[in-house]
Amino acid sequence: GRFLKADLRKTWPWEDSSIEEIRMHDGPEHLPDRVRTMNESWRCLQPGGLLDIFVPTTDGRGAWQDPTHVSMWNVNSMFYYLEEFAEWQRFHEAYGIKARFRIPDANGSMQEAARLLEAGHREYPGHVTKLKIVLEAVKP
């Protein structure tokens with residue numbers, strides 16, 4: 001296959017709406033700017049494209065133990081990128097959040113989205129708590 005080395009702290013090298021799925025497993029916490037990470041993911045994804053996130057959360061040791069972690073995530077972090085939540089609705093413009101996602105299985109329900117976020121949040125060996133969630137890019 002092809003290999004592309006890229007500095008994801010800068011503008012990502014992929015065209016707008018050119019990617020069907022992004023898997024960020026144990027990666028987002030190594031990028032310093034959560035808004036940039038989510039905006040770039042959204043920009044690169046096709047409408048309906050999937051962002052598969054697996055990230056250590058602040059609810060366990062995982063976020064804090066690795067000295068290369070530069071951004072911290074938890075379940076509530078996702079509220080700012082999910083269109084169903086008041087955090088996205090209230091703050092996306094002021095915070096420069098262009099990313100707009102939904103949880104596919106939530107069917108537009110904030111309560112179901114919150115339940116699925118909680119269901120994807122669990123403890124792994126070594127008291128490392130991680131969030132595993134798949135988001136769908138919402139684009140016109």
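Points worth noting:
- Expressed as a fraction of 2.2 N^0.38 Å, the value expected for a compact globular protein of N residues, the C-alpha radius of gyration of the chain is 1.01.
- Placing unit charges on the Cβ atoms only, positive for Lys and Arg and negative for Asp and Glu, gives the chain a dipole magnitude near 280 debye about its Cα centre.
- The mean sequence distance of close C-alpha pairs (under 8 Å, at least 6 residues apart), as a share of the length of the chain, puts its relative contact order at 27 percent.
- Per residue value of the accessible surface for segment 7-140 (all protein chains in place, 1.4 Å probe), Å²: 53
- Structural descriptor for segment 9-84: relative contact order 35 percent, calculated from alpha carbon pairs under 8 angstrom and at least 6 residues apart.
- Whether segment 68-117 is rounded, prolate or oblate, judged on the alpha carbon gyration tensor where a/c under 1.5 counts as rounded: oblate
- Of the trypsin sites (Lys or Arg not before Pro) in segment 34-118, those whose Cβ has at most 15 other Cβ within 10 Å and which sit in DSSP loop: ARG61, LYS98
- Computed [θ] at 222 nm, helices only, for the chain once each DSSP H run of length n ≥ 4 contributes -39500 (n - 2.57): -6000 deg cm²/dmol
- In terms of the mean number of neighbouring beta-carbon atoms within 10 Å, the peptides 72-84, 16-28 order highest first as 72-84, 16-28.
The values are calculated or read from the model by the stated rules, or taken from the named source; none is laboratory data. Bear in mind the structure is a predicted one, so any value in this text is a computation, not a measurement. All Cβ positions, even for glycine, are placed from backbone atoms using ideal geometry, and neighbour counts span all protein chains on display. Ligands, DNA and RNA are excluded from the accessible area calculation, which covers all protein heavy atoms including side chains. Shrake-Rupley method; radii C 1.70, N 1.55, O 1.52, S 1.80 Å.
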